[in-house]
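Take a look at the structure below.
The values are calculated or read from the model by the stated rules, or taken from the named source; none is laboratory data. Being a predicted model, the structure only gives us computed values, none of them experimental. All Cβ positions, even for glycine, are placed from backbone atoms using ideal geometry, and neighbour counts span all protein chains on display.
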Amino acid sequence: MNRMTIAFSVLLLAHGVSVAQKDGASIAIDVRSVLGKTNPLVFGNNVLAYQKGSWKGASPDYWDRGAGIWNPDLKQSVPEIVSLAKQAGISIERFPGALHYFDWKKAIGPVSERPDQKFGIPEFLQFCSDITAIPLFTIPEFLGTAQDAADLVEYLNAPNDGNHPWAKRRANDGHPGPYGVLWF
């Protein structure tokens, strides 16, 4: 099928019409019939947080503002975006959207110590909390090691009991208890 045929087929399917291909296969959607509930986790969003210098098109809109969801001056989520996200029913947030070269260790700690990343992990988790969405962390595929990924899990989830250096770092960063992130 060419693009025009696919687009027309999608339009027809949206109205409950069957579409048959040349080989006899067909797809039929009956929009009047409900088969079950939709998994709420399909209503997710990808939060872009390119790091400074990681991509020629990256700008402070990404590393300081999380592509517009964070106000670095007020150190809070943008209220209008929170309201829109809640209205849209966003239930899961993926971070960072631009993950190929994302170094999560540059996205933690006091903002004053990370001037090139004002929107980092704590800000992302605050936004998730503000819109009551589940955080999902992606692991970079071009940067870091398996140990770096394990360190991220420890930073987010381990107890600060003296046995986990990244949990101690999280506590020193101002979040004593584990974040309890389940999705990676």
*Collect the residues in region 60-85 that are of a type outside the set (D, E), assigned to a loop (DSSP other than H, G, I, E, B) and surrounded by fewer than 13 Cβ atoms within 10 Å (Cβ to Cβ), keeping them in residue-number order.*
L74, K75
*So which of G53, G68 ends up being in the same structural domain as Q147 (by TED's automatic domain parsing), on the phi > 0 side of the Ramachandran plot and touching a residue at least 40 places away in the same chain (Cβ under 8 Å)?*
G53
_Quick check on region 131-140. Is at least one of its residues surrounded by fewer than 21 Cβ atoms within 10 Å (Cβ to Cβ) and polar (S, T, N, Q)?_
yes
*Name, by its number, the condition in (1) in a helix (DSSP H, G or I); (2) at pLDDT 85 or above; (3) not β-branched (V, I, T) that does not hold for M4.*
(2)
*Could you figure out which of (1) under 26 Å from F43 (Cβ atoms); (2) over 17 Å from the mean Cα position of the chain (by Cα) isn't true of F95?*
(2)
*Which residues, taken from region 95-130, are out of contact with any Phe, Trp or Tyr (no Cβ under 8 Å at 6 or more places or on another chain), among the basic types (K, R) and not in a helix (DSSP H, G or I)?*
R114
_Let me confirm something: among E93, E123, E80, which residue is over 24 Å from K168 (Cβ atoms) and touching a residue at least 40 places away in the same chain (Cβ under 8 Å)?_
E93
*Counting just the residues of region 15-29 that are of a type outside the set (G, A, S) and surrounded by 10 or more Cβ atoms within 10 Å (Cβ to Cβ), which one comes out modelled with the lowest pLDDT?*
V17
